[in-house]
Structure formats: structure tokens, C-alpha cells
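A quick write-up on the structure given underneath.
The values are calculated or read from the model by the stated rules, or taken from the named source; none is laboratory data. From a predicted model like this one, the values you see are computed outputs, not experimental measurements. FYI the Cβ positions are ideal-geometry reconstructions off the backbone, even for glycines, and counts take in every protein chain you see. These area figures cover heavy atoms from the full protein model, side chains too; ligands, DNA and RNA do not enter into them. Shrake-Rupley method; radii C 1.70, N 1.55, O 1.52, S 1.80 Å.
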Amino acid sequence: MLNLTNLIRQNIKSLTPYSSARDEFTGEAKVYLDANENSLGSPLTKWYNRYPDPHQAKLKEAISTVKAISTQQIFLGNGSDECIDLLYRCFCNPGKDNVIICPPTYGMYEVSANINDIEIRKAPLLENFQLDLIHLENLVDEKTKLIWVCSPNNPTGNSMNREDIETVLNNYNGLVVIDEAYINFSRHKSFIQDLADYPNLVVLQTFSKAWGMAGLRLGMAFASSEIIEILDRVKPPYNINQVTQDIALKALEEVGQVNDMITELVQMREALKGVFEKLPVVEKVYNSDANFLLVKIQNARKIYEYLLSKGIVVRDRSNVLLCDNCLRITVGTEKENTILVDALIDYMKF
Ligand SMILES: Cc1ncc(COP(=O)(O)O)c(C=O)c1O
């Protein structure tokens, strides 16, 4: 059974959180002289002179409707990268605790652990890019606070088997963080609706991918209200700026448009996969549940550099475990995809 009291860091348990001006007074006032803002305004037509809502109440209401989850189970971060960092800061004691990642996977789990001086243990994915449950189990000890599962996984693009994730959730007493940054492009369903069954589950999602708002920096963590309360205590008071709150609120009224983009990107992903598979330089295109394809290609580095010389940037993953000679290629617009494919055809003529 999860014992949250034992999991949380002692100094966080006893922390008195910062109380902002906007915490101490909520509601509408005639005159605001409590937060040392510039009362004269901003050098802009729209004013941003007031601090944003530290609790992001309106935005959480809107997210709660779209995701069918209570507002108490939502944490908002300055990108999911902030949620990743906060999970370390709330639950992992520097120099003492450890966490497990399953490489190849998203790089920030390890970087953020290193920043926080948390030991990283690695249970590499199997050849089929699925979780190695036996290795995972062998790595766990009483100091293992988190297990990171990225599904769909970056850079491999596949979703992890649901039963495997459930096995981890059922047999491990620390937190299992499922990073669902790419879930909207997947044929599998999110774990959000399973939160009631698993008190040790944290689900991460983001506005950076399907929602098309990477520039705004807005990430979400969904978990029990007890876990969310701990993250809220530690976050910087105004971590989600006013512009982001305003625009995200508007975007949430456009779910239909987002769904159309998802449909289009998934169609283009599958079309692009078909085209790549016909190119003689391509050895394998992995199935993807994300908005990118992992492509095994002859001489990946050389092709990466050739593409760069043509002004086309993809991600060279050829030095990453299990990704020999692999490029990770984001699905672009129809035009961008054509430019890329034409460049690859030109390369083969040399
Ligand atoms: C798996 C995964 N998680 C999280 C992120 C970061 O998301 P955000 O932009 O919300 O910080 C990325 C970005 O590429 C990602 O691939």
C-alpha cells in the first residue's frame, strides 16, 4: 500500500508555503494596493500589470471539464518539465533516494534527477521497446521513490503494454509517473480515468504537443488530491503566467479544432510511414502512437547532416540505446513532409 507520509520529503512535509498577496485576498476589490504591482499599467494596449491567479482556478475548471476529472486532482506546471522537477523536489531526498527510468526515453527524467542529486537506475526497454518488468523489479529497493514510464514513449513512439503498467502500479509502493505527452496521437486510452484505482499514480500531459502550444509552456499533472496538494505547496507562487492562462482558457473552447489537427497529423504520420518504407535507404520505420516516427536508416548521421545542409532539421538518435542508426522525425505539414521526402530522394541519387 502507498504510504504518502513516508514518501514525501521531511522538509516538504513541514514546509510553510509562501503566502502570496493573491492568496491572502481573493475576490474582487475596488483598489489593489497589496502586491507592489505597477498601478499605472503596462506599456501595451492590454495590461499585464497584475499578478496572475496562483491557483489557476478558471483554467483548472475548464481542464476539469475537458478531462472529466476534479479540479483538486489537477496540477499545472510551467511545461511538464516543471512537473518533472517538482516530483523530484517533493518526493526524493538528494543524495539518498533513487528513481528508475526505462531508456531509451525522454531525457529530462535523468537531467532533472542529476540537477536534484537523485540516483538514476536504468531498466532499459526490451528489444520490442516494452518494459522489462523483471529488471525493473530487481532495481527497486526501499529508497526507490519514483518509476518513470513514458507512454507513448519518446523517442521510440510506441505505447507501453497496459497490463505491464498495471503490474507496476499494483506491485510497487512508490509513485508511478506515466508521462502521456503524446497520448492524443495514440490508439490507447489515457490512465487518467484509472486514478481512482491507483493512489500511487501520477499522469503527466502537456499543451505542447496535440494542443499546439509549446511556446506557452503549460504542463499538467493528474493525481490524487493529496499528491496535488504537495506539488502545489512547493511550486513557485505564480508559475503559470497570465498570458498562458488566458490563451489556454480560450484554446480549451476549441477542442473540435484540436481533434481535427490530431486526425490530420495521425493520417499524415501513417502516410509518411508508407512513403519512408519504400525508400531504399530506410531499413525500418517503427509503429508510432505519437506525432513523430522513429526511422532506422543507413548511415543516419550522414543523412542527418545532409538534411541539415538542406535546411531540414530532424533529431539524430543514433547514439541512443536501442536506436542505432535512427532518426526521430516529427510529422510536419504536408509541404514540409514533401520537402523532407524529396531531399531524401535527392540524397539517394548521389
Ligand atoms: C515525453 C515528453 N514529456 C514531456 C515533454 C516536455 O513537455 P513540456 O513542453 O510540457 O515541458 C516532452 C517534450 O518533448 C516529451 O517528449
Inset, instruction - Select from the stretch 9-50 those GluC sites (Glu not before Pro) which occupy a DSSP coil region and have at most 13 other Cβ atoms within 10 Å, ordered by residue number. - result: E28
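If each DSSP helix of 4+ residues adds -39,500 (n - 2.57) and the sum is divided by the residues in the chain, what number results at 222 nm, nearest 500 deg cm²/dmol? Intermediate values should be presented prior to the final figure.
On the way: 13 runs with 130 residues, N = 350.
Helices in the chain give a 222 nm mean residue ellipticity of -11000 deg cm²/dmol.
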Inset, instruction - Provide the descending list of Cα extents for the stretch 233-350 along its principal axes, expressed in whole angstroms. - result: 54, 33, 26
Legend entry - Amide H within-cut-off set for G77, under 5 Å, with H built and near neighbours excluded: G219, M220, A221
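Restricting attention to the stretch 1-71, which trypsin sites (Lys or Arg not before Pro) occupy a DSSP loop and are surrounded by at most 13 other Cβ atoms within 10 Å? If you can, show how the numbers build up before the last one.
Working: sites: R9, K13, R22, K30, K46, R50, K58, K60, K67; in loops: R9, K30, K46, R50.
Passing sites in the stretch 1-71 are K30, K46.
If the only charges are +1 at each Lys and Arg Cβ and -1 at each Asp and Glu Cβ, what is the size of the charge dipole of the chain around the Cα centre, to the nearest 20 debye? Walk me through the numbers on the way to the answer.
Working: 36 positive and 45 negative charges, 134 e Å.
So the dipole magnitude of the chain works out to roughly 640 debye.
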Inset, instruction - Report ³J(HN,Hα) in whole Hz for each residue of the stretch 279-288, in order, from the Karplus equation J = 6.51 cos²θ - 1.76 cosθ + 1.60 where θ = phi - 60°; Gly and Pro get x. - result: 7, x, 6, 8, 8, 7, 10, 6, 4, 10
Inset, instruction - Once you have the Kirkwood Rh of the stretch 125-210 from its Cα pairs, apply Stokes-Einstein at 4 °C and 1.567 mPa s and quote D in µm²/s. - result: 97 µm²/s
Legend entry - Signed unit charges on C-beta, dipole axis of the chain, positive-most listed residue I74, L139, S39: S39
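The stretch 114-145: which trypsin sites (Lys or Arg not before Pro) are DSSP loop and have at most 15 other beta-carbon atoms within 10 angstrom? Numbers along the way, then the final one.
Details: sites: R121, K122, K143, K145; in loops: K143.
Filter output for the stretch 114-145: K143.
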Inset, instruction - Set Lys and Arg Cβ to +1 and Asp and Glu Cβ to -1, take the dipole of the stretch 86-208 about its Cα centre, and tell me which of Y182, N158, L125 lies farthest positive. - result: Y182
Legend entry - Over the stretch 1-138, volume per residue of the alpha carbon convex hull, in Å³: 214 Å³
Legend entry - Top positive-direction residue, dipole computed over the chain with Cβ charges, set I228, I312, Q193: I312
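In whole percent, and with a 1.4 Å probe on the protein chains, what portion of the accessible area of the stretch 176-262 is carbon and sulfur? Could the numbers behind the result be given before it?
Details: 1780 of 3390 Å².
Using a 1.4 Å probe with all protein chains present, the stretch 176-262 comes out at 53 percent carbon and sulfur.
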Legend entry - Listed residue pairs exceeding 30 Å between alpha carbons, taken from K60/K296; K250/K335; K278/K335; K67/K235: K60/K296
Inset, instruction - Provide the per-residue ³J(HN,Hα) series for the stretch 30-43, in order, calculated from phi with Karplus coefficients 6.51, -1.76, 1.60 and θ = phi - 60°, each as a whole number of Hz, with x at glycine and proline positions. - result: 7, 9, 9, 10, 10, 10, 6, 7, 8, 5, 7, x, 10, x
Legend entry - Span from the the stretch 214-292 Cα centroid across to the the stretch 40-68 one, whole angstrom: 21 Å
Legend entry - Intensity falloff of the chain expressed as log10 I(q)/I(0), Debye formula with alpha-carbon point scatterers, at q = 0.07, 0.15 Å⁻¹: -0.34, -1.30
